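First comes the structure, then the notes that go with it.
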Amino acid sequence: MNTDQLSGKWKQLKGAAKQHWGKLTDDDLEAIAGKRDALAVKLEERYGMAKEEAQRKADEWMKSYSLDEDPGVFGRSHEGADREHHAAGKR
């Protein structure tokens with residue numbers, strides 16, 4: 001999904017982002033507006049990630065969504081990614 005497509009679906013994806021990245025506030029999600037770079041910056045701020053790690057995590061999360069999937073179900077299960085994410089957040 002490219003940035004324009006993601007921005008267009010961001011209202012629907014915000015819930016999934018909030019669930020996956022629990023430390024992001026509603027204001028953060030509004031500011032991100034589907035932009036990978038903005039997500040990476042917020043991940044750096046909220047989770048204390050290095051810039052490269054935040055960019056990689058943002059890329060991975062955004063690539064996990066596809067326009068071809070059912071619009072009611074956004075992406076694959078993030079169960080494994082959630083465990084990795086939560087472990088990284090408890091540094």
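The values are calculated or read from the model by the stated rules, or taken from the named source; none is laboratory data. Since this is a predicted model, take the numbers as computed values, not measurements. Neighbour counts run over all protein chains shown; Cβ positions are idealised from the backbone, glycine included.
Brief remarks on what is shown
- Tally of residues being over 19 Å from residue 63 (Cα atoms), in a helix (DSSP H, G or I) and of a type in the set (A, V, I, L, M) across segment 10-51: 1
- Any chance residue 60 is over 20 Å from residue 8 (Cα atoms), in a helix (DSSP H, G or I) and at pLDDT 90 or above: no
- Single unsatisfied condition, residue 78 versus (1) surrounded by 14 or more Cβ atoms within 10 Å (Cβ to Cβ); (2) at pLDDT 90 or above: (2)
- Residue 54 vs. criteria crowded, with 17+ Cβ neighbours inside 10 Å and small (Gly, Ala, Ser): yes
- Out of 18, 42, one residue alone is at pLDDT 90 or above, in contact with an Asp or Glu (Cβ under 6 Å, 6 or more places away or on another chain) and not β-branched (Val, Ile, Thr). It is 42.
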